Amino acid sequence: MSNWNIEQAEKMYGVSQWGGGYFQIGENGNVQVLPDPNNSSVKIDFKAVIDEICDEGVQFPVVVRFHDILRSQVAALNLSFREVIAEAEYQGEYHGVYPVKVNQMREVVEEIVDAGQAFNYGLEAGSKAELLTVLAMNTNEGSLTVLNGYKDEEFMRLALLGRKLGRRMVVVVEKYSELLLLVKTSKELGIEPIIGVRAKMTVKGRGKWESSGGERAKFGLTITEIINTARYLEEQGMSHCLKLLHFHIGSQLTDIRAVKEAMTEGARIYAELHKMGFHLDYVDVGGGLGIDYDGTKSTNESSRNYNMQEYVADVVYGMKEVCDMEGVPHPNLVSESGRAITAHHSCVVTQIVGEIRSDSSKMATDEVDGEHIFVKNIRELAESFDEQTNMQEVFNDASQWKEQALDAFKLRVLTLEELGKIETLYWQIMGRLHEYYSTQEYVPEELQELNYSLSSQYLCNFSVFQSAADTWAIEQLLPVVPLTRMNEEPTVNCSLVDITCDSDGKIDQFTIGREITDIMPMHKLRKDEDYYIGLFLTGAYQDVMGDMHNLFGRLNEVHIFSYDDDPQDFYIEEVVKGSSVEDVLNIMQYNPRAMASDVKRMIDKQISSGKLNPREGVKWTDFYESCLSGYTYLKP
């Protein structure tokens, strides 16, 4: 214990590796937040945040949003493009857009729009509901609003309404039939559209979403369709409306080579269109700018082998090189980076409410008359072996007797109590074997599993399906760390399980150093002391993709702003209440008011029959109604 230090904690949990400069471990062992990595004087201690949340009476689990991080990422991306464009003497400008599908929460979109005002940073929508949202939110006439996804006539009319309002609404054609509908609708209304075409790239990305590119990609036009689109617009006297070329090869690109390859192909398409007489103003390189979830800076699916500056440089220089070679103007550049903008600003904080261990239940194993030979054998084994014993043989014998005991119990040869004794003795043996092999250089393959089978499961007061859907759906790694006590050695190996009644409700993939493991060292739980953990980098998709499995609803949210003049360097700007039981029942088409009335009627019936006294009946009625209006999560 005395040899443990913060450097070892950092090596184990890798906070500075995945934290993007926004998170670190403080000397007091608590996670610290740096809202502006360039201003180290402002540091927010996560323990102080937790204490204030408790003082405000906000129930855990909670989503904690650091709005300064959101603003910082918007600035970082835009400034990176400005710096590289100036350095490269690139003749176009950068006009980025935030794809609202990554996190559609109003508070998030508002903050991004406000932070992006100085950069003319716009929004992207991919559905009718998102289009209605961005029409209302993106009031900056100097920014773009890019419209992707499949579209109907109502969608086209809404886009043209945006044009009537003076907005730079770019309708990106995903399939040829959309072009015909757009031209027809725009002529009916007498409103000129700004049109983009999405190219179906032959280049594929790297990572989980590489199928976004290639010939089997869901979206985009083939080269033939792009040419036909341009020619059709020419025939309709609308070639001047074609302003943007869009391509996208996948989200969370892990390998920078994919970016380089895509830029070469995309720039060539742009150059050829320009030579054909279609003078586009913009090239939209789509999304894909990844983040380093596991901190390995590698091509792992949850990592990336580049940083933001390198990504921006490859986009700018890649376009410039091809354009200069082809003798065409440098287009304005657009990107749709959502994950990189939002992921870091949000995390889920919850308590550990219990511990589950395979070897936690024990019973007396003293010898009794007439006990079965299996009990006697495994007891003698537990009492007799020492460091001089063949440990592999001990493991084999204990495992065999336990397996035989289960078969004997099913055949009514062993009693339940005898089986319980064998189980207790078996886990005692496994515990001693694990202790022995923890000091050995070589561990036999079968015994390597002891590390996992003897590990704890920490029970977390949250739902994986609501708050970390990607860990379940696509095995996405999210950083998970204790928020305090990292100046103490973590001595409990554990995985995490949630409070849903689903065996998939767990997190059992973690990054330790540069390795992916199925257990994470945590601290021993203390009686009467809450132990909080954080699931980080949840601001992209996790905030909005969760379902209501077991009717666990949205989490309470706490919005944090830094404030240098405050003793704690922060203040809680807003608390957004999460889903009540009533809320989720209404979504599932129940009528909570009718339900309360039905239960009250049943209670009144019990009172009338004398089985409940009136005072007790009133208390039960009030209790039921208060539960309906309460939070869907546990009250530890």
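FYI, it's all coordinate maths here, none of it is from the lab. Since we're looking at a predicted model, the values are computed, not measured. FYI the Cβ positions are ideal-geometry reconstructions off the backbone, even for glycines, and counts take in every protein chain you see.
How many percent of DSSP beta bridges within the chain run antiparallel, rounded to 5?
Counting only bridges with both partners in the chain, antiparallel ones make up about 50 percent.
Run lengths n ≥ 4 of DSSP H only: what is the helix-derived mean residue ellipticity at 222 nm for the chain, with -39500 (n - 2.57) per run over all residues, to the nearest 500? Walk me through the intermediate numbers first.
Values: 23 runs with 262 residues, N = 636.
After summing the helix terms and dividing by residue count, I get -12500 deg cm²/dmol.
Straight-line reach from Lys600: which lysines have Cα under 27 Å away, leaving out those fewer than 8 places along the same chain?
Reachable lysines: Lys611, Lys619, Lys635.
List the extent of the Cα atoms of the chain along each of their three principal axes, largest first, rounded to whole Å.
Projected onto its principal axes, the Cα set of the chain covers 101, 73, 58 Å.
Starting from the Kirkwood radius over alpha-carbon pairs of the range 373-451, derive D by Stokes-Einstein at 25 °C in a medium of 0.890 mPa s and give it in µm² s⁻¹.
Estimated via Stokes-Einstein, D reaches 188 µm²/s.
I'd like the distance between the alpha-carbon centres of the range 414-471 and the range 282-346, rounded to an integer number of Å.
One Cα centre to the other: 44 Å.
Over all directions, the average projected area of the alpha-carbon convex hull for the range 409-541 comes to how many nm²?
On the way: hull surface 47.0 nm².
Quarter of the Cα hull surface area: 11.7 nm².
Nearest 0.05, what FRET efficiency do Tyr176 and Glu110 give at R0 = 41 Å with Cβ-Cβ as r?
Computed FRET efficiency for Tyr176 and Glu110 comes out at 0.65.
Order of Arg593, Arg168 from fewest to most other C-beta atoms within 10 Å?
The fewest-first ordering by Cβ neighbours comes to Arg593, Arg168.
Suppose a student asked you for the relative contact order of the range 472-580, using Cα pairs under 8 Å spaced at least 6 residues apart; what percent would you report?
Value for the range 472-580: 24 percent.
Could you put Met486, Met308 in order, starting from the residue whose Cβ has the fewest other Cβ atoms within 10 Å?
Lowest count first: Met308, Met486.
If you line up the long axis of helix 308-326 against the longest principal axis of the chain, both from Cα atoms, how many degrees apart are they, to the nearest 10?
30 degrees
Would you mind calculating the relative contact order of the range 71-346 from Cα pairs under 8 angstrom and at least 6 residues apart, reporting the percent as a whole number?
Reported relative contact order: 20 percent.
Applying a 10 Å radius around every beta-carbon, put 605-616, 19-30, 374-385 in order of their mean neighbour count, most first.
Top of the packing list down: 19-30, 374-385, 605-616.
In degrees between 0 and 90, to the nearest 10, how far off the longest principal axis of the chain does helix 256-275 point, with axes built from Cα atoms?
20 degrees
For the range 583-629, build the convex hull from the C-alpha positions and give me its volume per residue in Å³.
Per-residue hull volume (Cα only) is 55 Å³.
Please state the relative contact order of the chain as a whole percent: Cα pairs under 8 Å, 6+ residues apart?
Normalised by residue count, the contact order of the chain is 16 percent.
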